[in-house]
Amino acid sequence: MEPSSSPLPRLPNVADLTPQHSAFLDQHFQTKRDLSLESSNLFLSSSLSQQCSELESMFLLHASKRTVSWISRSFRAKSSLQQLSLALRNLSLRTSPRMKK
């Protein structure tokens, strides 16, 4: 039994592509046949892997900065709420009638 070759995915209609997608394809492929050429795919695969890696690094850096910023604000908010709670308790103690023994 021969190994079944998986069919190539169906290409989208050219009219459905965004200008960015069209420009990308035009930059990397001259004809539809180029899509199946290993040399083109190897370079493109390497290039896309590099770009994805760079984007992931930028995302992680941005996410880390945002997380630290959020945690910092969260700690400040918690501290402010604790100080307000303490001030309200102190106010309550000062204004409540004292019980005499």
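Quick grid of which residues meet (1) more than 30 Å from His28 (Cβ to Cβ); (2) hydroxyl-bearing (Ser, Thr, Tyr); (3) part of a helix (DSSP H, G or I):
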site	(1), (2), (3)
Ser47	no, yes, yes
Gln51	no, no, yes
His62	no, no, yes
Lys65	yes, no, yes
Ser72	yes, yes, yes
Arg76	yes, no, yes
Ser79	yes, yes, yes
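In the set (1) polar (S, T, N, Q); (2) modelled with pLDDT under 75; (3) assigned to a helix (DSSP H, G or I), Ser6 fails one condition alone, (3). Can you find a residue that is more than 23 Å from the chain's Cα centre (by Cα) and at pLDDT 90 or above anywhere in the stretch 19-32? Checking the stretch 19-32: at least one residue is more than 23 Å from the chain's Cα centre (by Cα) and at pLDDT 90 or above.
The values are calculated or read from the model by the stated rules, or taken from the named source; none is laboratory data. As the structure is a prediction and not an experimental result, all values here were calculated from the model. When we count neighbours, we look across all protein chains shown, and the Cβ atoms used for this are built from the backbone with ideal geometry, even at glycine.
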